Amino acid sequence: MGPTFIHTHRDENSYLRFFSALNRMIPNFRYQMQAIDSDGDEATMNAIAVSFTSESFVNLLCASHKKENIEYKLKEMKSATPAIRHIVSDIFGTNVDSMLYQKGLIDSETTSEFDSRLRDLKTTWDHLVPTFHAWFISNESEKFKSHLIKAVTDQAQLDGHFSNNRVESTNTNVKDWVGRSGKVTLPVFNRKVEEYVTCQQQEFEMAIYANGPYDLVSTHTYLRKERHIWNGLNAEERKQIIK
């Protein structure tokens, strides 16, 4: 778990203060940051746009959240379930079987490819859900081209569709750890989050010597140490391994 922003208002000024604080703490932070993501919240998106102005900066949107939002909109339009599945597959792609993936709009490698494919979908979408194609062009097309398609994720050096599910999972775990009532003072919250981070660190260290609830992913098995070797390392030597 990394830097955590605690706020009581979900407005643009709150997020602007957060990014400003990071920039004060980390020299040239706003220029060194290569990419950042959000779930599409308007206040967050506006604050990101103001705070990060480098031409190479990438402002990502979570594909999972966007998929849920579009499914909700289609249901709101009283669409039949097969029509929803068809349109969502057209947009986000689908695994035909274990070997074959059928690309969607989100897999467009250029904005012109996206526009062309979207035009080609008009007849089909108008037949399935008559008002959806026009709605998508008005409300989602530019967002996809700026924050979601393959051209954008490639610029951010990401492989595949971007999702912030990991962040959402951490958020859920913190809520479970602290308590979901929301009735907790800031000092108590800070103490509990510190305890949670310490627990995470301990579980990661146990994974290094294969004695905990988690295993190292294949890309990091080189970190594994026998327990007696790990126990013989001093604090600085351990830090060099897990930094």
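Taken together, the values in this text are just the output of simple stated rules run on the coordinates, not laboratory data. From a predicted model like this one, the values you see are computed outputs, not experimental measurements. Here the Cβ is made from the backbone with ideal geometry for all residues, glycine too, and neighbour counts use every protein chain on show.
Please give every one of the aspartates and glutamates within straight-line cross-link reach of LYS243, meaning a C-alpha to C-alpha distance under 13 Å, and leave out same-chain neighbours fewer than 8 residues apart.
Counting by Cα, and skipping residues close in sequence, LYS243 has these aspartates and glutamates nearby: GLU205.
Would you please give the FRET efficiency between ASP41 and ASP120, computed as 1/(1 + (r/R0)^6) with r the Cβ-Cβ distance and R0 = 35 Å, to the nearest 0.05?
0.65
Hey, of (1) 35, 21, 19; (2) 29, 20, 16; (3) 39, 24, 20, which did the structure itself give for semi-axes √(5λ) of the Cα gyration tensor in Å when calculated?
The value matching this structure is (3).
For SER64, what charge total do you get from the other residues with a beta carbon under 13 Å from its beta carbon, if Lys and Arg give +1 and Asp and Glu give -1?
My count for the surroundings of SER64 gives -2.
With springs only between Cα atoms under 10 Å, which of PHE57, PHE204, PHE29 fluctuates most in a Gaussian network model of the chain?
The residue that fluctuates most here is PHE204.
In the chain, with Lys and Arg counted as +1 and Asp and Glu as -1 at Cβ, which of these residues, LEU105, TYR209, HIS161, has the Cα nearest the positive end of the dipole, that is, farthest along it?
TYR209
Looking at the chain as a GNM with Cα springs under 10 Å, which of ILE106, ILE26, ILE149 has the largest mean-square fluctuation?
Per the Cα network of the chain with a 10 Å cutoff, ILE26 tops the list.
Among VAL96, VAL58, VAL152, whose mean-square fluctuation peaks in a Gaussian network model of the chain (Cα, cutoff 10 Å)?
Top of the fluctuation ranking is VAL96.
Show that you can apply the helix-only estimate: for the chain, add -39,500 (n - 2.57) for every DSSP H stretch of four or more residues, divide by all residues, and state [θ] at 222 nm to the nearest 500.
Calculated from helices alone, the mean residue ellipticity at 222 nm is -17000 deg cm²/dmol.
Could you name the lysines whose alpha carbon sits less than 20 Å from that of LYS150, not counting residues in the same chain fewer than 8 places away?
LYS66, LYS67, LYS103
Run the numbers for MET77 and TYR31: contour at 0.36 nm per residue of separation, minus the present Cα-Cα distance, in nm.
Full extension from MET77 to TYR31 adds 12.3 nm.
Using alpha-carbon pairs under 8 Å, 6+ residues apart, how would you state the relative contact order of the chain in percent?
Answer for the chain is 14 percent.
Find the relative contact order for segment 178-243 and round it to a whole percent, using C-alpha pairs within less than 8 Å whose residues are 6+ positions apart.
20
What number, in percent, do you get for the relative contact order of segment 1-130 if the mean sequence gap of Cα pairs under 8 Å and at least 6 apart is divided by its residue count?
16
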